[in-house]
1. Exactly one of these conditions fails for residue 140: (1) of a type outside the set (Lys, Arg); (2) modelled with pLDDT of 95 or more; (3) under 17 Å from residue 230 (Cβ atoms); (4) loosely packed, with under 15 Cβ neighbours inside 10 Å. Give me its number.
2. In segment 176-226, what residues are surrounded by fewer than 19 Cβ atoms within 10 Å (Cβ to Cβ), within 19 Å of residue 126 (Cβ to Cβ), of a type in the set (D, E, K, R) and in contact (Cβ under 8 Å) with a residue 12 or more places away in the chain?
3. Return the only residue of 525, 466 being within 30 Å of residue 584 (Cα to Cα) and touching a residue at least 24 places away in the same chain (Cβ under 8 Å).
4. Within segment 608-649, can you find the residues that are within 21 Å of residue 405 (Cα to Cα), in contact with a strand residue (DSSP E or B) (Cβ under 6 Å, 6 or more places away or on another chain) and part of a helix (DSSP H, G or I)?
5. Does segment 676-689 include one or more residues that are crowded, with 17+ Cβ neighbours inside 10 Å, under 16 Å from residue 576 (Cβ atoms), touching a strand residue (DSSP E or B) at 6+ places or on another chain (Cβ under 7 Å) and not polar (S, T, N, Q)?
6. If you check 293, 335, which single one turns out to be hydroxyl-bearing (Ser, Thr, Tyr), touching a helix residue (DSSP H, G or I) at 6+ places or on another chain (Cβ under 9 Å) and under 30 Å from residue 80 (Cβ atoms)?
7. Looking only at segment 495-506, count every residue that is within 19 Å of residue 377 (Cβ to Cβ) and part of a loop (DSSP other than H, G, I, E, B) and tell me the total.
8. Inside segment 279-329, can you point out the residues that are assigned to a loop (DSSP other than H, G, I, E, B) and in contact with a Pro (Cβ under 8 Å, 6 or more places away or on another chain)?
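The values are calculated or read from the model by the stated rules, or taken from the named source; none is laboratory data. These numbers come from a predicted model, not from an experiment. Neighbour counts run over all protein chains shown; Cβ positions are idealised from the backbone, glycine included.
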Amino acid sequence: MTQTNEKYINREISWLQFNERVLQEAADESVPLIERIRFLGIFSNNLDEFFKVRYATIKRIVEAGRGGKSVLGGIRAKVLLEQITEIVIEHQAESLQILASINAELEKENIFIINETQISEAQSKFIGGYFLHKVSPALVTIMISELDKFPSLKDSAAYLVIKLTMSPEEQKLEDRVNYALIEIPSSVDRFVILPNEDEKQYIIILDDLIRHSLKSIFSLFKFKEISAHMIKISRDAELDIDSDLSKSFIDKISKSVKQRSSGDPVRFVYDKSIDPKTLDFLKIKMGIDNNDSIIPGGRYHNRRDYMKFPSLGRSDLQYKKIEPLPIKGLSLFGSLIDAIEHKDYLLYAPYQTYSYVVKFLREAALDPRVETIKITIYRLAEVSHIASSLINAAKNGKKVTVQIELQARFDEAANIDYAEQMQTEGVKLIFGVTGLKVHCKACVIERRDKKKVKRYGFISTGNFNESTAKIYTDYTLFTADQPILKEVNKVFDFFEVNYKVKKYEHLIVSPHYTRSELYHLIDTEIENHNEGKSSGIKIKINNFSDYGLIDKLYEASNAGVKIKLIARGICCLIPGIPGMSENIEAISIVDKFLEHPRLYIFDNDGDAKIYISSADLMGRNLDNRVEIGCPIYDESIKAELLDTFEISWKDNVKARVISIYQDNAYRKNDEAPFRSQFKMYDYYKSKLED
């Protein structure tokens, strides 16, 4: 068991346990083989972001001379850095073992990932041409022995450190060793598919293709030995926003994103077979110190690239693609706005098609009666039909207002590009509220019917992003409920006049009301239980790290309220502890799709209060972001949300039990195997047949 105090699991340790669940998917032999290797990529990508954000934050606490125990769940920051490094080294070693086993399984399928020592004569000829035309023009090679100052390495880029042992006749260097750096070009596919031989498929990783070409690259030099080992660094990803009042907000964020590449290093990963003298040379030159996480790794880094491992035409080695379903009673061929006027509808992507969101906006862009469109944007797709629909609406004379969050971590550059496009086309942009990220997901349109203006809209738990909607599970409510949409409009008013705090009767809005309203809802369940009434709390979220709300659920548990919690990622709450949390059960589900909805269900003496929300139960979501929790009033949708929660809760295939042991144990029981994501699709399919 990893360190906890009596009441909470540390947030960072809990996150690492979540990433271990991703690693479990890579190890799971029931997962299709190519999907397993892609889960290794997700594991690695997650870890990169963790070091750039969370590890960097803790490192700053240490460098400021602070202990950090009050904000780190009772663990001193310096001790936590050591724990993280220890856990990551263990996980990295495990991931290498998993990769080796996957490679062995791929070979059984006649798929071979070869290195530079295993290349046939025919393959060598192909690689020579590929290197000459595709790779060589993209290579950046730096002779570092001859430089007074070590070059600044890009954040999370992969580099080959080349050691050349010079021939005796080469007299320029006293120690007869020369060092160089080659940056692995990100513009070239990491996996190069070679011509088939004897019905076998071959792949070479770009790094090894470059290794095969080293003698050609360094043909100018007289050397007797040459070797190549990979390194990479992760840098602090905190943005340093320029305070110059004369610059636009877009310019400030753009400049800050560019400067991120020069942030302080926080993790140094190296090939553990590298020569110790070479490693010492690099650490000294790069200024790597003991507060940085130094991770010995394998031959290859940037294994996040495995997320894009080629399909090779082998659909049998991948998850079967599902056909997203329609929403019963809601046609994509008629007017969505007219349909929503008579009834609320719930979309649960990716089980149901996300086309409804794009169709709604396209219809609003063309409808001559629609006068205004207001929408929040956090992360857009690379090619966004959402953005193009909004631009189309502006061109059709609609008054389009977009609240776009330019500080959506790691998506700043993409959002800046779209912001500039929309601004050019006449879309009014709002860049949020000083000191608050805007994380809510809402859209409201106004349509004139004769002399009356009526609002229509949608509120979601996830980003308005067609790409991630194929792999993230999220709820979206389409509604014409005027009181709710009037309050959504109030949120947009707050973006522009944020010194006035609005009042809400229906929505739960951060940063002013979410914490207090959730406390109130929990208190009601405690009161109901004490009075012998029906009570209970069910919550499905991504992350749960707010100590105040954890304490409140402990209070409810001690009062006897039964609590079911599904948390995909971080969970600092410790369930099942007598006298503290014995009435709380908690699970995490990691499977084919990324579980992303936020759903809050309060029994309320049998008349359930149900909310979908953009907010996780984290301090940032409650106190430092603009979030919207939307009540569900339609009885059929309430029943549907209760059903979907129960389907997730019954999972005994991909559910892991969250406990004080932090061992990611799969939930096992005597029931028949129940894989919730597959059952969820069946549930929605059956609804169409009713």
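1. (2)
2. 189, 197, 199, 200 - these are the residues of segment 176-226 that are surrounded by fewer than 19 Cβ atoms within 10 Å (Cβ to Cβ), within 19 Å of residue 126 (Cβ to Cβ), of a type in the set (D, E, K, R) and in contact (Cβ under 8 Å) with a residue 12 or more places away in the chain.
3. Working: 466 fails: within 30 Å of residue 584 (Cα to Cα).
Every option except 525 fails the conditions.
4. Residues satisfying the conditions are 621, 622.
5. no
6. Details: 335 fails: under 30 Å from residue 80 (Cβ atoms).
Being hydroxyl-bearing (Ser, Thr, Tyr), touching a helix residue (DSSP H, G or I) at 6+ places or on another chain (Cβ under 9 Å) and under 30 Å from residue 80 (Cβ atoms) holds for just one of 293, 335, which is 293.
7. 1
8. 287, 288, 292, 318, 319, 322, 324
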